[in-house]
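Data block below; observations after.
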Amino acid sequence: MIPFSVLDLSPIPQGATAAIALSNSLDLARRAEAWGYKRYWLAEHHNMPGIASAATSVVIGYIAGGTKTIRVGSGGIMLPNHSPLVIAEQFGTLASLYPGRIELGLGRAPGTDMAAAHALRRDMVSTADSFPQDVEELLAYFEPASPGQRIQAVPGAGLRVPIWLLGSSLFSAQLAAALGLPFAFASHFAPADMMDALHLYRTRFQPSERLDRPYAMLGLNVIVAETDAQARRQFTSLQQSFTKLRRGMPGQVPPPIDDIDAFWSPAEKASASLTLLCSVVGSPETVERGLVNFINATRPDEIIAAAHIHDHAARLRSFEYLSQIRATLSDSQAAEAPSPSHVSG
């Protein structure tokens with residue numbers, strides 16, 4: 001069975017604080033480690049009242065310091081907001097503190113609105129247009145320093161921190177293929193180009209020293225509860241958050257509601273349904289069927305699950321259920337696999 005991982009935005013529930021959200025993230029990360037998730041990624045977003053992971057490198061250090069074995073990384077760092085050297089130093093420091101556990105996922109969007117993007121970048125010289133060059137510069141900083149090299153990442157040089165490219169369109173898929181890097185697609189909020197991006201990445205992949213074959217991870221919203229009705233109710237927090245963002249009114253993660261159709265217009269419902277198409281919501285039995293269908297259709301190398309849930313206890317239960325579902329699927333695959341005596345040479 002393919003690995004499952006966790007994508008966390010450190011959601012700030014309505015009426016709570018960022019401190020509570022960050023504490024909740026550490027709690028989830030520790031449990032995810034015990035439940036067998038492969039990696040725990042945090043996302044960079046700015047000017048979002050409901051997201052506490054803006055200082056992503058800092059939060060990664062907090063999570064890595066509070067866990068023991070799970071891989072911790074960014075899903076992702078929005079590189080146009082930063083100097084490649086600064087990111088190399090930050091992740092070189094993290095990799096020095098937590099050897100073999102730190103990963104760097106890179107995106108080319110600002111992770112915010114244009115006003116906040118200007119506040120982050122000041123002169124706006126660094127843009128998404130320079131993303132390929134910035135990625136190659138960053139890759140170079142993690143290589144062993146050459147004699148006489150004037151600019152070095154210290155820490156960072158020679159550490160070969162694993163780098164992923166993240167995307168919600170075809171651009172990063174092509175770049176990841178050309179550079180021979182693993183690729184993560186944001187299908188959990190941008191499903192339209194998912195299949196085309198996977199095809200481009202897999203068919204154009206060029207092996208590199210970092211990766212010898214394509215490796216694609218797909219984002220998926222997964223909410224599991226005791227019953228379908230309970231899970232659908234938890235899902236309304238994400239539906240509300242998305243709709244409020246589209247209305248230009250981002251806020252803290254709202255509590256679930258009983259009647260989502262009373263909250264939004266038909267046009268908003270249609271927009272949210274398209275955006276959140278890659279979502280599996282329901283009881284363990286319903287989610288198991290949905291996961292099998294999604295995996296069979298897309299053939300990912302890994303799934304990274306997001307669960308934008310208001311109640312922390314419900315979010316923990318959802319990820320625990322998901323780990324149990326994966327174990328069930330693994331057992332089923334093992335049972336269906338032919339024994340060695342039946343495998344032809």
Check your understanding: Between residue 273 and residue 17, what is the label-to-label distance in nm when each label sits 7 Å out along the Cα-to-Cβ direction?
Key -> 4.2
Check your understanding: With the calculation restricted to Cα positions, what are the radius of gyration and Dmax of the stretch 1-115 in angstrom?
Key -> 13.7, 43
Review point. Which value, in debye to the nearest 20, describes the size of the charge dipole of the stretch 129-203 about its Cα centre when Lys and Arg Cβ atoms bear +1, Asp and Glu Cβ atoms bear -1, and nothing else is charged?
Key: 240
Exercise for review: Would you mind putting 327-333, 22-28 in packing order, based on average other-beta-carbon counts within 10 Å, highest first?
Suggested key: 22-28, 327-333
Check your understanding: Among the lysines, which fall within straight-line cross-link reach of residue 244, defined as a Cα-Cα distance under 24 Å, with same-chain neighbours fewer than 8 residues apart omitted?
Key -> 269
Exercise for review: Calculate the length of the line joining the C-alpha centroid of the stretch 196-229 to that of the stretch 66-106, in whole Å.
Suggested key: 20
Review point. If you roll a 1.4 Å probe over the heavy atoms of the protein chains, what accessible area per residue do you get for the chain, in Å²?
Key: 45
Check your understanding: In debye, nearest 20: dipole of the chain around its Cα centre with unit charges on the Cβ of K, R (+) and D, E (-)?
Key -> 300
Check your understanding: Carbon and sulfur: what percent of the chain's accessible surface (1.4 Å probe)?
Key -> 56
Study note, to complete from the structure: Of all DSSP beta bridges having both residues in the chain, the percent classed as antiparallel (nearest 5) is 5
Revision key, fill the gap. With the dipole of the stretch 164-293 defined by +1 on each Lys or Arg Cβ and -1 on each Asp or Glu Cβ, the option from 182, 250, 293 whose Cα lies farthest towards the positive pole is 182
Check your understanding: So how do 228-234, 36-42 stack up, highest first, on mean other-Cβ count within 10 Å?
Key -> 36-42, 228-234
Point to revise | Dimensionless Rg ratio for the stretch 124-196, taking C-alpha atoms and the 2.2 N^0.38 Å reference | key: 1.31
Point to revise | Cβ crowding within 10 Å averaged over residues, with 216-224, 60-68, 253-261 ranked highest first | key: 216-224, 60-68, 253-261
Point to revise | Ratio of Rg to Rh over the chain (Cα coordinates, Kirkwood Rh, two decimals) | key: 0.97
Point to revise | Three-way shape call for the stretch 12-59 based on the alpha-carbon gyration tensor, with the a/c threshold at 1.5 | key: oblate
Practice item. Could you tell me the largest-minus-smallest coordinate of the C-alpha atoms of the stretch 234-275 on each of the three principal axes, in descending order and whole angstroms? Key: 22, 22, 16
Exercise for review: Starting from the Cα gyration tensor of the stretch 28-83, take the square roots of the eigenvalues, sort them a ≥ b ≥ c, and report rounded, prolate or oblate (rounded when a/c is under 1.5, otherwise prolate if a/b is larger than b/c, else oblate).
Suggested key: prolate
Point to revise | Volume in Å³ per residue [convex hull over Cα atoms, computed for the stretch 196-345] | key: 169
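What do the square roots of 5 times the Cα gyration tensor eigenvalues come to for the stretch 228-313, in whole Å, largest first, as semi-axes of the equivalent ellipsoid?
24, 15, 13
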Check your understanding: Whole number please: convex hull volume per residue of the Cα set in the stretch 161-227, in Å³?
Key -> 100
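The values are calculated or read from the model by the stated rules, or taken from the named source; none is laboratory data. Source: prediction; values computed, not measured. Glycine gets a Cβ as well: all are built from the backbone with ideal geometry, and neighbour counts include every protein chain shown. When the accessible area is computed, the model is the full protein with side chains, heavy atoms only, and any ligands, DNA or RNA have been set aside. Shrake-Rupley method; radii C 1.70, N 1.55, O 1.52, S 1.80 Å.
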